[in-house]
Amino acid sequence: MRIAQVSKADSFGGGASHVAELIHNCLLNRGYFSHHLASWSGKHYSSDLRPLYGKFEKEIRRAHILTKKLFAPEVLPYELFPLKRQIARSDYNLLHFHDLSSAISPVTLKALSENLPLIWTIHDCSAVTAGCLYPMGCEKYKKTCFNCPQHGTWPVDSKLDFSFISHNQKKSLHKTNNLQLVTPSKWMADFINSSGFVKADVQVISNGIDTSIFTPEARSDISKPISDKSQLKILLSSGDIMDERKGVHFALEVLNGLKVLNPKLIIVGNVSDPAKSLFADFDVVYAGYISDKKVMSSLYATASLFLFCSMADNQPLAVMESLSSGTPVYGFETGGIPEMIVSGVNGRLSPQKDVISLTEAIKDDWANRRIDDMSIAARKIALEKFDISLMVDRYVSLYERSISNFLSTRG
């Protein structure tokens, strides 16, 4: 097999692109022919990590940005010609797409599906919306997107609202043969099917992580000074305080309810000075942006729990990484997260916005030392369900079936 992962970026570009890179590297390690085509890279390109737009990288990126700024994201397939050239040169048997947002037009997928089997792993809801990653209660995607309630916010931040164009392109794409849809969670599969215009079967293949890196034993120079197990330590991933989807303001409410326990907060990510003022009354370690996986694992492993109050998510890698590091996850019943957390076993989930229930659960579990048992269960479940080898095994099997089915239709 000759496979190419196609994504917006490499691992520097977010969860979906990170999954693409993980699959690509694992395929290489198993001896398969694999390339990773990315519209931009946070590191140097190489013989197997290649620019999706070829030698026109800067021009096509600017064109996508300009088109998106004016009227709609990804409506013009600027990348189709250079991608066809790369397919011809490398003789791929199959293309595996990941995140398209702001980088790849659905028109490109439809055109390529005429001559190649395609797999598209859907990491957010934009596969059936006009571009928003999560509709946040809006149901216009079930008929026609127009007058988008999220218009003006990324990634639907165009000057004019032509959301119906993007939505119609998605509808047209989903009528295509030779396109296999995959979602990491059953929740996302159900959401995609709820659109009413997706005819293809949606296969569920869970994401995976390297459980040999994310371990309970991980330690680093950052984590060693805060390794006192007698103090409740809460890991929190920073986000835009004003972003409803991140749920950071709910996490703050939970933390305020836990002040009586005098917890130490470990905050990962870049935090602005105004945001830091919200944590002024807490004992805080600001770890900053962490790109080193081993260091990140050490912070998970040092924490007593990971507080994750997202209001819209599919199957967050951060939750997997925490569990693999032996750290229970506390949060809301959001998206595909209930498929990852067995409440009371490897963490606790409360109904969305139920801050009181979540706060009391943390207090009770800490007082009765249940978190220690949850830590053991978290690691065990991560090994059984989320190891990268399980994900790649399933994708290799899917690649083989897709290629075989495609060839059989060609006689």
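In terms of overall dimensions, segment 43-149 has a Cα radius of gyration and Dmax of 15.1, 44 angstrom. Residues 64, 36, 249 in ascending order of nearby Cβ atoms (within 10 Å, fewest first): 249, 64, 36. Checked against a 23 Å cut-off, the cross-linked pairs 224/353; 43/224; 229/259; 84/110 give Cα-Cα distances beyond that limit for 224/353; 43/224. Annotation: for a label point projected 7 angstrom from Cα along Cα→Cβ of residue 217, no residues of segment 355-388 have a backbone N closer than 12 Å.
Measuring nothing but how far apart in sequence close Cα pairs (under 8 Å, 6+ apart) lie, relative to its length, the chain scores a relative contact order of 14 percent. Normalised by the number of residues in segment 224-385, what is the relative contact order in percent for Cα pairs under 8 Å and 6+ residues apart? Answer for segment 224-385 is 22 percent. With one equal scatterer per alpha carbon and no solvent term, the Debye-computed log10 I(q)/I(0) for segment 224-385 at 0.10, 0.13, 0.17 1/Å reads -0.31, -0.54, -0.98.
In the chain, helical runs assigned H by DSSP with n ≥ 4 each contribute -39500 (n - 2.57); averaged across all residues and rounded to the nearest 500, the mean residue ellipticity at 222 nm is -11000 deg cm²/dmol. Straight-line reach from residue 170: taking Cα to Cα under 20 Å and skipping same-chain neighbours fewer than 8 places apart, the aspartates and glutamates in range are 74, 79, 99, 114, 124, 139, 157, 161, 190, 201. Considering only 322, 231, 64, and ranking their Cα positions along the charge dipole of the chain that arises from unit charges at the beta-carbon of Lys, Arg, Asp and Glu, the one farthest toward the positive end is 64. Using a cut-off of 18 Å between Cα atoms, the listed pairs 68/140; 294/363; 171/199; 8/294 include 68/140; 294/363; 8/294 as exceeding that distance.
Counting only aspartates and glutamates at least 8 places from residue 246 when in the same chain, those with an alpha carbon closer than 12 Å to its own are 313.
Note that segment 262-353, at 37 °C in a medium of 0.692 mPa s, gets a Stokes-Einstein diffusion coefficient of 234 µm²/s from its Kirkwood radius over C-alpha pairs.
Once the chain from residue 153 to residue 353 is taken as fully extended at 0.36 nm per residue, the excess over their C-alpha distance is 69.7 nm.
Just how far, in whole angstrom, is segment 248-267 from segment 101-129 if you go by their alpha carbon centroids? A separation of 40 Å, based on Cα centres. The long axis of helix 80-90 is offset from the longest Cα principal axis of the chain by roughly 90 degrees.
The C-alpha atoms of the chain define a longest principal axis, and helix 57-70 lies at about 80 degrees to it. Going by neighbour counts of Cβ atoms within 10 Å, the residues 89, 370 line up, fewest first, as 89, 370.
Could you work out how far helix 248-257 tilts from the main Cα principal axis of the chain, as a 0 to 90 degree angle to the nearest 10? Relative to the chain, helix 248-257 is tipped by roughly 10 degrees.
What is the dipole size for the chain, taken about its Cα centre, with +1 at each Lys and Arg Cβ and -1 at each Asp and Glu Cβ, in debye to the nearest 20? Intermediate values should be presented prior to the final figure.
On the way: 46 positive and 42 negative charges, 233 e Å.
Value, rounded to 20: 1120 debye.
Positive-end ranking of 111, 266, 388 along the dipole of the chain, with charges on Cβ about the Cα centre, is headed by 111. Stretching residue 383 away from residue 1 to a fully extended chain increases their span by 134.7 nm, per 0.36 nm per residue minus the current alpha-carbon distance. Computed with the Debye formula from one identical point scatterer per Cα of the chain, without solvent, the log10 of I(q)/I(0) at q = 0.07 Å⁻¹ comes to -0.34.
Quick note: the coordinates plus some simple rules give every number you see, no bench work behind them. From a predicted model like this one, the values you see are computed outputs, not experimental measurements. Every residue, glycine among them, receives a Cβ derived from its backbone with ideal geometry; neighbour counts consider all protein chains shown.
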